Amino acid sequence: MSDGMNGADADMAAMVADVIPEIMLIVGGVAILLYALFVPRRLQAGAALLALATTIGAGAVSLSMLSGPQRLTFFDTYARDDAAVWSKLIVLVATAAVIGLSAPWFRRDPRHGEYYTLLLFSSLGAILLAGATDLKEFVMAMVLSSATGFVLVAYHRRSSPASEGAIKYYLLGAFTSAGTLIGVAYLFGLAGSTTLTGLDAGLPSSGTNLALIVGAALVILPLTFKIGAAPAHAWIPDVSQGAPAPVAAFVTSIPKVGGFLFLARFLLALPADAIDWRPLVAVLAAATMTLGNLAALWQEDVRRLLGWSAVSQTGYGLMAIVALERSDLALPSLLFFLLAYVLGNTAAFGVVTELRGRSELTAYTGLARSRPWLAGALAIALLSFIGIPPLAGFFAKLALFGAAIEAGYTWLSVLAVINTVISIAYYGRVLAPAYFGERAGPAPVLGRWAAVATLAAATAVIVIGIVAEPFFRAFADAALLPG
Amino acid sequence: MLTAAIFIPIVAAIVFALVPRPAIAGDDESPVGAPDSESGGVLADSGGVLVLAESAVTPTALSGADRRAAYERTIQIAATAVAAVPLLLMVAAWVRFEGTGAFEQVEAVSWIPTLGVGYRVGIDGLSLPLAAMTALIFVVAIAYPVDLRGRAAPYFALMLFLMGVSIGLFLALDLFLFFVFWDLSLVGMYFLIGVWGHGDAQRSALKFFVYTLAGSLALLLAILGLYLATEPRTFDMAEIIRQQPLPATGLYATLVFLGFFLGFAIKTPIIPFHTWLPPAHVDAPGPASAVLAGVLLKMGAYGFVRVLMAIMPGTFERFALPLAILAVVSILYGSLVALAQSNLKRLIAYTSVNHMGYVILGLAAGGASVAGKANAQAIALTGAIVEMVAHGLITGALFLISGSLLARAHTYEMNEFGGLAGRARALTGLTVVAAFASLGLPALAGFVAEFQIFAGTLAVYPWLAAVGLAGIVITAALFLRMLQQLFLGPLPPRWARFSDLGRVEVVALGALIALVIVIGVIPAWLLNVIDSFAGPLVGRE
């Protein structure tokens, strides 16, 4: 009897050990909430330090979990594989950078302590989504990530662009998620289980099954919302433009990490003979990258432009999903893409933040002369989005193109190339005035910490490109459970 | 040592980019001088070149302009000194070169072994002359006076950066590394044209960027296609040449070939992919034009030889004839359009289209599938490679000259000039030699190249060679007319005070022209090196 108890305790302890970073985020978030409640206004900024310490601590623990046992935990509902650990690391590093951007941005806001609680909970949502291997877990993670995201976007209550962005974000989220539970119920009914392992074993493996298609579609739809893919991408430009600039950096990139990972896990659990999802995702990828690019061409507002560019980047990322199981490059390309994209996006929005959120193109004219370091960070971020070597974005695109070609989707690679060429036109519209234009006026900046975070992200984009080997090696060995 | 030739300029570029700008009156950062210091600065900027020529500066901005000129001169001398190092290293590599037909002096480090990517550089009879020519052109271009627009350090940083990546491209023995340098070269040139160009520079820079990046992405897909066919997977060129992973026929090989072709054809450029070239050349600053024509265009032609002929010889054979026809069209079209130009720089730009046509014609003849003509094919191929070097030197010189003309006269319109022979002897002399070399006069480098190209092609594609010869006649006509318009006839009164080339300009151009003459008179030292590559490639016994 006592042996059995000890065994269960040991199991429980092992399971808890698998989610220490997640627990740290919860504890950190709650601690910040209490801190914000009880300390006077002048000390509210301390919340940023607490949040930073939490992300660094959780990141350090995640780092120690790399190359550990690759297994499912909590009764097959959560993955403790390298793909999940890397997702944690990407999310936490980017969150730390966003905290750096937020500190000077919210300095004057008297009640900003709780902002960091929301930020930590939102990254927890992304992390849970990246590791989820169960549909109920997926629903819970989606709600956590989205609900915090809505509040973060609308954090400046009196700003009408922020409210507009938040409303669109919320409505699209609500519309796409409305049927999620119905879809989960369908799949549960078909497979008799909500875990991905159970779906893999229990779903009807051949023949056309309408319930399966409807169920799968209702799960995929909210994921397209989360990663900003067509047809649920429309919130990204509005949120980019309206949200506080550090929040825009956050919500246009970090939740995508979770969304992409769960999309990959979920699609792999579907029976390939009964539901041919590959062409569908390829069409989504093609539509997303093309739509994002074409829309970005007409933008006069740098933040909107970055938002549409974020949409097109999602389209490139979906190429990796298409290639899953067809190419050894698929998972490495997905993880490297997420790493490069999240850092590049943080750097780009970091420049916007440091320029006090100004987003009209004229504010960037002559930036190379007035703020050479910021202009450099912007150039690195945008050139990385284009895919210029040796920046991280180039290696991401290289691996994505290779994966798609190997998976038999050469047409998708060709389309991605055409889109990349188109994208120069709008990235050039920001870079050209920044470098070729004469300084239009003073370029006031926000503060030291935002600059440090921005430059750190931009430096990482260069370094991760040049020193890509350890990442590719780790990603090549990473497992994506339950696959 | 080769690695040093690549990275010394790149590291120096980073240092130059980080040099803080000194506070000089007229600088927009420090409002030290008069309230109109901004305009004073601009005057001093455009005077930067004129100082050499007229030694007259707007008096109000004198002290600021003097200090700025001293600062810019210091930076330029430092940049030139750095640029001389890779040139010396290339000369040293040339001395040690043995001509075994294999890659020599290879330096390799693993970079991303998971993907089969390595840092591998080395030389053979193809890359050595091109890399050495690149180093020389950059030294000359960096030393050449130019309107710096008040941004001296960034200009020289970009030039040095471009020097490193260009040398790196020719030395790279790994397709991945090759692509990295390929893309970086176009980013560097984009900023050079955009910031220091004139006219509609931003538009030209964007057009250049869009076109060549489109080409480079086609190239990327082709490289990936080739990479995915290798077993074990690698980007190592020597290994891929050994593996010959793709068959001569089939849809996959054809698509890969077309991807490479598109990338290289846009950069070379071959008709109908040339439309980015004239605006980019015309609006770029003189030294950047020289680099663009002398070095960047060669990258496309180099790719044809290095990748398509060496790695996909079977597929290249299938496409040799269409390629030769495109080359002849480029020759005729380039020369005819050049004939119609009144703008000096556009004229030179179109002669580049014409000359790169000769190169491609020679390559097509060298790679064609004909039995028993290996000697002729080796001659055509050698000629094509010599033409790459000769065109780099000659056109580099011509573009630098046009930059000097612009700095003095602020126009490229040839019919506004005349009679300069009497005012500017050095300018006249150097231009005449360069123009004659470009039109293929014997005892100059262009003749050596074109003679071999046509001699070799006559054996393979006699009719095409005959049609292509017309290009030489047209080129002769247009260069003679150019010389006549610029230097002969009455001197328009507005050029009565036209100043001759400065000392730096004469030495820089003189170095290029001297090499053109040396290659023309005693070409053996160059031909032997190139032949050590070309002979084995065409399978000559």
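Worth pointing out:
- Helices (runs of 4 or more DSSP H) wholly inside the range A:125-206 that include at least 3 residues being in contact with a helix residue (DSSP H, G or I) (Cβ under 7 Å, 6 or more places away or on another chain) and free of Cβ contacts under 8 Å to residues at least 40 places away in the same chain: A:135-153, A:180-191
- Of the residues making up the range B:87-110, just one is without any contact (Cβ under 8 Å) to a residue 12 or more places away in the chain, hydrophobic (A, V, I, L, M, F, W, C) and outside any helix (DSSP H, G or I), namely B:109.
- Every residue from the range A:387-412 that is facing chain B (nearest Cβ under 9 Å) and under 20 Å from residue A:308 (Cα atoms): A:387, A:388, A:394, A:397
- Filter pass, residue A:454 being among the hydroxyl-bearing types (Ser, Thr, Tyr), away from chain B (no Cβ under 12 Å) and more than 30 Å from residue A:199 (Cα to Cα): yes
The rows are residues; the columns are (1) assigned to a loop (DSSP other than H, G, I, E, B); (2) more than 10 Å from every other protein chain (Cβ to nearest Cβ); (3) surrounded by fewer than 24 Cβ atoms within 10 Å (Cβ to Cβ).
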{"residue": "B:193", "(1), (2), (3)": "no, no, no"}
{"residue": "B:198", "(1), (2), (3)": "yes, yes, yes"}
{"residue": "B:228", "(1), (2), (3)": "no, no, yes"}
{"residue": "B:232", "(1), (2), (3)": "yes, yes, yes"}
{"residue": "B:239", "(1), (2), (3)": "no, yes, yes"}
{"residue": "B:242", "(1), (2), (3)": "no, yes, yes"}
{"residue": "B:249", "(1), (2), (3)": "yes, yes, yes"}
{"residue": "B:252", "(1), (2), (3)": "no, no, yes"}
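- Residue B:85 being modelled with pLDDT under 90, on the phi < 0 side of the Ramachandran plot and either more than 14 Å from chain A (Cβ to nearest Cβ) or touching a Lys or Arg at 6+ places or on another chain (Cβ under 6 Å) (or both): no
- Checking the range A:430-446 against the condition returns a match, with at least one residue being among the hydroxyl-bearing types (Ser, Thr, Tyr), facing chain B (nearest Cβ under 9 Å) and farther than 20 Å from residue B:256 by Cα.
- Residue satisfying condition, being over 26 Å from the mean Cα position of the chain (by Cα) and either crowded, with 22+ Cβ neighbours inside 10 Å or part of a helix (DSSP H, G or I) (or both), within set B:469, B:464: B:464
- Enumeration of residues in the range A:399-453 that are among the polar types (S, T, N, Q) and under 18 Å from residue B:208 (Cβ atoms): A:420, A:423
- Filter pass, residue B:290 being within 21 Å of the chain's Cα centre (by Cα) and either away from chain A (no Cβ under 12 Å) or closer than 28 Å to residue B:332 by Cβ (or both): yes
- Among the candidates B:275, B:230, B:234, the residue that is touching a residue at least 24 places away in the same chain (Cβ under 8 Å) and within 26 Å of the chain's Cα centre (by Cα) is uniquely B:275.
One line per residue, one yes/no per condition, for (1) of a type outside the set (S, T, N, Q); (2) surrounded by fewer than 24 Cβ atoms within 10 Å (Cβ to Cβ); (3) out of contact with any Leu (no Cβ under 7 Å at 6 or more places or on another chain):
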{"position": "B:295", "(1), (2), (3)": "yes, no, yes"}
{"position": "B:299", "(1), (2), (3)": "yes, no, no"}
{"position": "B:320", "(1), (2), (3)": "yes, yes, yes"}
{"position": "B:340", "(1), (2), (3)": "yes, yes, yes"}
{"position": "B:365", "(1), (2), (3)": "yes, no, yes"}
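- Selection within the range B:159-184: residues that are away from chain A (no Cβ under 11 Å) and within 29 Å of residue B:406 (Cα to Cα). The member of this set that is surrounded by the fewest Cβ atoms within 10 Å (Cβ to Cβ) is B:161.
The values are calculated or read from the model by the stated rules, or taken from the named source; none is laboratory data. What you see is a predicted model, and the numbers here were worked out from it, not measured in a lab. Cβ: placed from backbone, ideal geometry, glycine included. Neighbour counts: every protein chain shown.
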